[in-house]
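Beneath this line is the structure, given in structure tokens, with notes to follow.
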Amino acid sequence: MPSLTPLQWFLAVAAAVGLGFSKAGLAGIGLFHVVVFAFLFGARESTGYVLPLLVAGDICAVIALHQHVRWDYVRRMLAPACVGVTVAAFFMGRISDASFKPLIGWIVLLLAAMQAARLRWPGWLGAVPHTRTAVWVIGLFAGAATMLANAAGPIVALYCVAVGLPKFELVGTLAWFFFIINVFKLPFSAGLGLIRTNTLLLNAVLFPAVAAGVFSGRWIVHRLPQRVFDLLMLAFAAIAALRLIFS
């Protein structure tokens, strides 16, 4: 078990609750836990602390939201995302955060700006998110971002908003997609020595906070109108992008 001060424990619990919120559908909040765990344990090491928590959150989200999944969109994104994970795992340790994070941030910011324009002018570029090329580009970057920084939530959430998924289908689709991808990532992270006994002990302590975040976040999502939900997704994604660019 890592030795943490009371303030650090408070931050870790708050980050775990935020992780649960992100799994309930408020995906942009997810970068809060990325920042906090990177601050507590370092950027590379933090991925080993976060990944089992993500899987636990995914399980809670799948239990709570399984009936809303759109399997056609899950299948469409899985292949490019798995390729992105594999490539990123191969280069992990050779790519600096300083060069990778701003690139992901600019991509998320561009996607958010494009989707904001589409909300204002619904017919603009309406077919682009449905093309095979767009799916592969977004999927590759999502896979790389989730392997290197556990930061793919805003990317995939923006794609789901762009293709017009209603909020409950969006949340259920994200839950199953990230459950599969995060389980796929486990052997890579373990092989890199990022998941160890002490990281799993901390995960066990923080799991109740993750579960509380998932189920309370689900309550919030149920009460948000669709347009407010879409606008919040865009706002969270833009904030997350700026945090990646200027971190």
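The values are calculated or read from the model by the stated rules, or taken from the named source; none is laboratory data. For clarity, every value in this text was computed on a predicted model and none was experimentally measured. We place every Cβ from the backbone using ideal geometry, glycine too, and count neighbours over all the protein chains shown.
Among the numbered conditions (1) in a helix (DSSP H, G or I); (2) modelled with pLDDT under 75; (3) in contact with a Lys or Arg (Cβ under 8 Å, 6 or more places away or on another chain), the only one that Arg118 does not meet is (3). Of all residue pairs spaced 6 or more apart or on separate chains, those with beta-carbon atoms under 6 Å, a first member in the range 30-59 that is within 14 Å of Leu186 (Cα to Cα) and modelled with pLDDT of 75 or more and a second member that is hydrophobic (A, V, I, L, M, F, W, C) and not in a helix (DSSP H, G or I) are Thr47/Leu194; Gly48/Leu194; Gly48/Ile195.
Quick one: would you say Arg218 is exposed (fewer than 13 other Cβ atoms within 10 Å of the Cβ), modelled with pLDDT under 90 and part of a helix (DSSP H, G or I)? Spelling it out, it is not the case that Arg218 is exposed (fewer than 13 other Cβ atoms within 10 Å of the Cβ), modelled with pLDDT under 90 and part of a helix (DSSP H, G or I).
Applying a threshold of 8 Å to beta carbon distances and a minimum spacing of six or more residues, or different chains, the list of pairs starting in the range 1-21 at a residue that is over 16 Å from Ser46 (Cα atoms) and ending at one that is in a helix (DSSP H, G or I) and among the aromatic types (Phe, Trp, Tyr) reads Gly20/Phe215. Taken over the range 187-209, residues that are within 19 Å of Gly42 (Cα to Cα) and assigned to a helix (DSSP H, G or I) amount to 12.
Condition check: of a type in the set (Val, Ile, Thr), part of a loop (DSSP other than H, G, I, E, B) and closer than 27 Å to Leu11 by Cα. Does Ile181 satisfy that? Quick ask: steps written out before the conclusion?
Values: of a type in the set (Val, Ile, Thr): yes; part of a loop (DSSP other than H, G, I, E, B): no; closer than 27 Å to Leu11 by Cα: yes.
For Ile181, the condition - of a type in the set (Val, Ile, Thr), part of a loop (DSSP other than H, G, I, E, B) and closer than 27 Å to Leu11 by Cα - is not met.
Here Leu78, Leu109, Leu158, Leu65 are screened, and the one residue that is part of a helix (DSSP H, G or I), at pLDDT 85 or above and either among the hydrophobic types (A, V, I, L, M, F, W, C) or touching a Gly at 6+ places or on another chain (Cβ under 7 Å) (or both) is Leu78.
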